[in-house]
Amino acid sequence: MIDIPPSWRLIVVFGAAVRADGSPSPTLERRIAFAAAAAARYTEADLFCSGAIGRHGPSEASVMADRLAETVDRSRIHLDEASLDTLQSVVAATRFARAGHYAQCMICTDGYHQPRIRMLFAMLGMPASAIHVPHGGSRRYQIKMRAREAAAIPYDLVAGVGAILRRRRA
């Protein structure tokens, strides 16, 4: 394994629901907490918060950034408020990482979500590693999320190939 200098790392935090009152859902709160811990560990790494406005505003990215700014210098936090799904977030993070000359993306999301995200980063040729975020929620919730991910992987595989082909044509 290659040792990547911390300043070449980008911590990519994937969004989740924002509640009607503008506060983070438990899933988003968990991801924010682990992103803050990663930022404390990798003090030279920047953070990329990804997520548009969902059912309720503000954007997932801005909710994450506001919470993270309580412990992380705002200059390290970058927002993607346009991405509406996982594939769009990975594409946006890859573009940002390449433009900023980052060598690696560190994935900050729940464990059930990480295999699909790692697949998408690999398809786009961006080295990525996972930040361990323990599973939250009930057993029923975990089963539901794993089933959702199992269905999403083939979909994103096809969509990811389409993104690659579009990028090559551009």
Checklist entry - If you take the charge dipole of the range 1-121 about its Cα centre, with +1 on Lys and Arg Cβ and -1 on Asp and Glu Cβ, which of Val18, Ser62, Gln104 is farthest toward its positive end? => result Gln104
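Considering Cα pairs under 8 angstrom that are at least six residues apart, work out the relative contact order of the chain and quote it in whole percent. Show your work: numbers first, answer last.
Numbers: 290 pairs, mean separation 37.6, N = 170.
Normalised by residue count, the contact order of the chain is 22 percent.
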Checklist entry - Counting only heavy atoms of protein chains, what accessible area per residue, in Å², does the range 14-170 have with a probe of 1.4 Å? => result 51 Å²
Next on the checklist: Using each residue's phi in the range 38-46, evaluate 6.51 cos²θ - 1.76 cosθ + 1.60 at θ = phi - 60° and report the 3J(HN,Hα) Karplus result to the nearest Hz, with x for Gly and Pro.
Outcome noted: 5, 5, 5, 6, 9, 5, 9, 7, 8
Checklist entry - What percentages, rounded to whole numbers, describe P(r) for the chain computed over all alpha carbon pairs with 5 Å bin width beginning at zero? => result 1, 9, 18, 22, 22, 15, 9, 3, 0
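Carbon and sulfur together cover what percent of the accessible area of the range 1-72 at a 1.4 Å probe radius? Numbers along the way, then the final one.
On the way: 1830 of 3400 Å².
Carbon and sulfur: 54 percent of the exposed surface of the range 1-72.
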Checklist entry - Under 5 Å between amide H atoms, partner at least 5 residues away or on a different chain: which partners does Asp110 have, H built in plane at 1.01 Å? => result none
Checklist entry - When only DSSP loop residues count, what GluC sites (Glu not before Pro) in the range 26-126 have their Cβ near at most 14 other Cβ atoms within 10 Å? => result Glu44, Glu70
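The values are calculated or read from the model by the stated rules, or taken from the named source; none is laboratory data. No experiment lies behind these values; they were computed from the predicted model shown. For neighbour counting, all protein chains shown are included, and Cβ atoms are generated from backbone atoms with ideal geometry for every residue, glycine included. To get the accessible areas, we keep the full protein, side chains included, count just its heavy atoms, and leave off ligands, DNA and RNA. Shrake-Rupley method; radii C 1.70, N 1.55, O 1.52, S 1.80 Å.
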